[in-house]
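The values are calculated or read from the model by the stated rules, or taken from the named source; none is laboratory data. Predicted model, so just to flag it, every value in this text is computed and none were measured. Note that we place each Cβ from the backbone using ideal geometry, even for glycine, and neighbour counts take in every protein chain shown. Surface areas here come from the heavy atoms of the whole protein model, side chains and all, with no ligands, DNA or RNA. Shrake-Rupley method; radii C 1.70, N 1.55, O 1.52, S 1.80 Å.
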2 protein chains.
Amino acid sequence: MRILGIDPGSVNTGYGIIDDRAGCPAHITDGTISTKSSVPLPERLTIIFYQMQQIIKEYHPDVAAIEGIFLAKNVKTVAILGHARGVLLLSAADARLSVFEYSPMEIKQSVVGYGLATKEQVQKMVRELLKVEYLPKPDAADALATAICHMHHYKTNAYLEKNLRSEV
Amino acid sequence: MRILGIDPGSVNTGYGIIDDRAGCPAHITDGTISTKSSVPLPERLTIIFYQMQQIIKEYHPDVAAIEGIFLAKNVKTVAILGHARGVLLLSAADARLSVFEYSPMEIKQSVVGYGLATKEQVQKMVRELLKVEYLPKPDAADALATAICHMHHYKTNAYLEKNLRSEV
């Protein structure tokens, strides 16, 4: 299974793709879709949408995992972030990918084992877990962590389902 | 000039198209893009995006006017509304339309002359101003009001610009 992780942002959107190879996450690619905050929002959304569509076309992920909105943030930030998430969800749904959402806490917990981990801790643990030689940039590392988080949740759910079935 | 007015919503998005005919707004069409709240958000966003793209292809507006986000609302509502606005701005920018934003108050003031007008007052005034025989549905009426609001602002700005130029 190939998982696309997304860390949405209206200026920088991180993405990271991993494969689930017999229970081990294997790094495929990662990066950041960057736009300038001086560019009007509709144009920024166009850049985010078409670049994400291109990434999906190139790497053919099976599912997408995206960071949920942290509602405790400032309402204006939430509104703008919502716009970026909207076009990212569209690009995933348009390619018929199922989309799974995880909270920032679940994502951090999944790679660092601690929900309040710093950005640097996430970057280092992602490098370690995926055995990449460079330190992924912060947003790309968050996206890779989101993909790893989905892999863990997916495996746990599959395990529970199997065990529940065997008890019936 | 043909103006597309949009009243964004994640369940019901109103749209309304008018022509500026020698200073008078002429009704071209209006309607509502409806999705079910039980449908997952990524699919709803896909419906909104493709239907709006279809409307733009069919009616060829020159500009789009959209209701701004009312930030005083509940943060979760703002987040979901942001997603819908994101794909609507994308559909407009993708068709190379300039997008103008107006606050709910400016829009109401523009058709009813009163910023706190009710939905019913907006519906009735829009029917009156555009001389349509039926009462446009609430979201479609708001979208038509947004288009009328843009026509007024555009004309005022054009007038001011002309007068400023003649004073130089």
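Yes or no: segment B:92-105 includes at least one residue that is free of Cβ contacts under 8 Å to residues at least 12 places away in the same chain and within 14 Å of chain A (Cβ to nearest Cβ). Within segment B:92-105 (the criterion being free of Cβ contacts under 8 Å to residues at least 12 places away in the same chain and within 14 Å of chain A (Cβ to nearest Cβ)), the answer is yes, since at least one residue qualifies. Applying the set (1) more than 14 Å from every other protein chain (Cβ to nearest Cβ); (2) open to solvent by 10 Å² or more (accessible area, probe 1.4 Å) to A:Ile18 leaves exactly one unmet item: (2).
From the list B:Tyr59, B:Tyr102, the one residue that fits, being open to solvent by less than 90 Å² (accessible area, probe 1.4 Å) and over 22 Å from B:Ser34 (Cα atoms), is B:Tyr102. Residues in segment B:33-56 that are within 17 Å of the chain's Cα centre (by Cα) and open to solvent by less than 50 Å² (accessible area, probe 1.4 Å): 7 in all. With respect to the stated conditions, B:Ala84 fails to be touching a Leu at 6+ places or on another chain (Cβ under 6 Å), buried (at least 16 other Cβ atoms within 10 Å of the Cβ), within 14 Å of chain A (Cβ to nearest Cβ) and among the aliphatic types (A, V, I, L, M).
Which of the following residues is surrounded by fewer than 18 Cβ atoms within 10 Å (Cβ to Cβ) and closer than 30 Å to B:Pro8 by Cα: A:Ala95, A:Ala143?
Criteria check complete, one pass: A:Ala95.
With respect to being in a loop (DSSP other than H, G, I, E, B) and at pLDDT below 95, A:Val78 falls outside the description. Here the strands (runs of 3 or more DSSP E) wholly within segment B:1-74 that include at least 1 residues being out of contact with any strand residue (DSSP E or B) (no Cβ under 6 Å at 6 or more places or on another chain) are B:12-21, B:24-34.
Once segment A:63-79 is narrowed to residues that are more than 7 Å from chain B (Cβ to nearest Cβ) and either within 13 Å of the chain's Cα centre (by Cα) or open to solvent by less than 60 Å² (accessible area, probe 1.4 Å) (or both), the residue that is farthest from A:Met151 (Cα to Cα) is A:Gly68. Taking the criterion of being part of a loop (DSSP other than H, G, I, E, B), open to solvent by less than 90 Å² (accessible area, probe 1.4 Å) and modelled with pLDDT of 80 or more, the residues of segment B:114-140 that qualify are B:Ala117, B:Thr118, B:Val132, B:Leu135, B:Pro136.
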